[in-house]
Amino acid sequence: MANESCDIPGQGLRVPPSEVPDPAQDIATADDRGEVVLAGGCFWCTEAVYRQLAGVTEVLPGYAGGSADTANYEAVCSGRTRHAEAIRIRYEPARISFGQLLKVFMAVAHDPTQKDRQGNDVGPQYRSAIFPLDADQRYVAGAYLAQLEQAGIYAAPIATTIEDMDTFFVAESHHHDYAARNPGQPYIQYVSTPKVEKLRRYFADGLGEKIRG
């Protein structure tokens, strides 16, 4: 992204990512809409993590939380548009649940204790946010953030916000599947790839059947 620097995936945790608890509340399969929008810094990185999960059928990078006229990469990078770099995940609830996707988000995909930044990527466009698409998602997300805060597993307070979802604007095509198409790019090597490796290392058991071979 704007600053090619190394952040440490999960650096806010006091415990290994595998010890992040499952959500005590989740959405029943029959009631799960199979779509979620999450923002956790660089969308190249979060997209790369979620593309590893079996049951996830589509991951699209984009912009959430702002208006259509400034929903483009150049404008969003200014930090003045109210958008967050985000991903829209579509998934099969019978194979992976909303709660499990949140667990990956809070344990591996980004550092939820950083406010308006991830590592040296600084600005509100890099904020940690969950954009619920219905009342069930809002309830489960709020309950899980409270559960994790109470567990005391982070070295600082959780900065993740729960924000209203109006429209998700799909990012320009050259951002799609960026990490897989550009494995030698320095930012991908030092920020994105370690997150993917951490997912595979710490969730080989707990989410093993859901990580693509």
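Readers should treat all values here as calculations from the given coordinates under stated rules, not as data from a laboratory. All of these numbers come straight from a predicted model, not from anything done at the bench. We place every Cβ from the backbone using ideal geometry, glycine too, and count neighbours over all the protein chains shown.
Paramagnetic label reach from Arg200 (point 7 Å along Cα→Cβ; backbone nitrogen cut-off under 18 Å): within the stretch 43-62, residues 45-56. The spacing between the stretch 79-93 and the stretch 23-49, judged by their C-alpha centroids, is 10 Å. Charges were assigned to the Cβ only: +1 to each Lys and Arg, -1 to each Asp and Glu. The resulting dipole of the chain about its Cα centre is roughly 460 debye. Sequence-distant contacts, meaning Cα pairs under 8 Å at least 6 residues apart, place the relative contact order of the stretch 17-208 at 32 percent.
Along the stretch 175-184 the Karplus relation, 6.51 cos²θ - 1.76 cosθ + 1.60 evaluated at θ = phi - 60°, assigns HN-Hα couplings of 8, 6, 6, 4, 4, 5, 7, 9, x, x Hz to successive residues, with x for each Gly and Pro. Model label sites at Ala75 and Glu149, defined 7 Å from Cα along the beta-carbon direction, differ in position by 3.3 nm. Once Lys and Arg get +1 and Asp and Glu get -1 on their Cβ, which of Gly12, Val56, Tyr190 lies farthest toward the positive end of the dipole of the chain? Farthest along the dipole direction, towards plus: Tyr190.
Quick check: residue separation of Thr167 and Arg181 times 0.36 nm, minus the Cα distance between them. What number comes out in nm? Kindly include the intermediate steps, with their values, before the conclusion.
On the way: separation 14, 0.36 × 14 = 5.04 nm, distance 2.71 nm.
Roughly 2.3 nm would be gained on extension.
In percent, what relative contact order does the stretch 94-169 have, based on Cα pairs under 8 Å that are 6 or more apart in sequence? Numbers along the way, then the final one.
Values: 74 pairs, mean separation 24.9, N = 76.
Across the stretch 94-169, relative contact order equals 33 percent.
A simple spin-label model places pseudo-atoms 7 Å from Cα toward Cβ; at Asp31 and Glu209 they are separated by 2.4 nm. Taking the helices alone, the chain has a mean residue ellipticity at 222 nm of -6500 deg cm²/dmol, built from -39,500 (n - 2.57) per DSSP H run of at least 4 residues and averaged over all its residues. Of the residues Ala24, Val76, His110, the one whose Cα sits farthest towards the positive end of the charge dipole of the chain is His110 (charges of +1 on Lys and Arg Cβ, -1 on Asp and Glu Cβ, taken about the Cα centre). Scoring 24-36, 85-97 by mean Cβ neighbours within 10 Å over their residues and listing the highest first yields 85-97, 24-36. Applying Stokes-Einstein at 10 °C and 1.306 mPa s to the Kirkwood radius of the stretch 17-208, computed over alpha-carbon pairs, gives a translational diffusion coefficient of 96 µm² s⁻¹.
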